[in-house]
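Single-structure report; data block below.
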Amino acid sequence: MDIVSHLQQSLEDYYLSKSEKNRLKSLLGKEVLDDQTINFLRSKIIELANDNISEKNYRLVMQWMKDVNHLLQGGAVHQSVAFFSPGDDCRNAIVQQMNLSLQQLKICVFTISDDLITRAIVNAYRKGVAVKIITDNDKLFDQGSDIRELASEGIPIKMDVSKNHMHHKFMVADDRSLITGSYNWTLSAARFNHENILLTREAGVVESYRKGFDQLWLEMADYN
């Protein structure tokens, strides 16, 4: 998560400079800051402070905590935010939601071949998140496809085996947040393609996609 990395860097000299404050404001402005995300960031701030505090730097670290918490409290609470490629913004938003997930990830995508995204899926699954994936069978044997690797981890996967394509690209995380858009979960989408995703926590929209996923899960064939 970019915000956590920046918090770590800002604590190296025990001082939140003006440029670091502006960078954090910019990063916070790109996030959907609901209670779950804010609590996650607060826990990270406390964790970082505890890992670095000593008798000599006590006052400095406490002031750093006060400053970063003030920025966090002042961050705009967004229900929805859009990201665009080429570039890493779309990929980072997907990976961040996976890293923040606590209970379940429902992934419905045409193809998965971006190793960074695949690693985030595996990490979520290994920490106990209930992951389900729906994908298209025609992309299974594409060069770079990570579906077989994900299946080897024990992640439940279902596939469209009809003559048509399962062309969705969306993910529901913890039944609370949704990522959807044209963005393919591939390296070329990050590097070259003009794509987009929308990250939203609008409850009605998230629920509609959750129901759509559950219905597709019943209709699709098991991976084998």
- Note on the structure: Restricting attention to the stretch 121-139, the residues that are touching a strand residue (DSSP E or B) at 6+ places or on another chain (Cβ under 7 Å) and surrounded by 15 or more Cβ atoms within 10 Å (Cβ to Cβ) number exactly 11
- Item | Residue list for the stretch 138-155, filter: closer than 13 Å to I112 by Cβ, at pLDDT 85 or above and either under 21 Å from the mean Cα position of the chain (by Cα) or assigned to a helix (DSSP H, G or I) (or both) | S145, D146, I147, R148, E149, L150, A151, E153, I155
- Task: Output the residues belonging to the stretch 107-152 that are closer than 25 Å to I3 by Cα and in contact (Cβ under 8 Å) with a residue 60 or more places away in the chain.
- Result: I107, D114, D115, I117
- Message: Given the criterion at pLDDT 85 or above and either surrounded by 14 or more Cβ atoms within 10 Å (Cβ to Cβ) or outside the structural domain of R201 (by TED's automatic domain parsing) (or both), identify the matching residue among L7, L28, L33, L72.
- Response: L7
- Message: Regarding the stretch 86-104, can at least one residue be identified that is surrounded by 14 or more Cβ atoms within 10 Å (Cβ to Cβ), assigned by TED's automatic domain parsing to the domain that holds E202, touching a Ser or Thr at 6+ places or on another chain (Cβ under 7 Å) and assigned to a helix (DSSP H, G or I)?
- Response: yes
- Query: Considering only residues of the stretch 156-172 that are of a type in the set (D, E, K, R) and either under 25 Å from L198 (Cα atoms) or assigned to a strand (DSSP E or B) (or both), which is farthest from the chain's Cα centre (by Cα)?
  - Reply: D160
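The values are calculated or read from the model by the stated rules, or taken from the named source; none is laboratory data. These numbers were taken from a predicted model, which means no experiment stands behind them. Please note: Cβ atoms are built from the backbone with ideal geometry, for glycine as well, and neighbour counts cover all protein chains shown.
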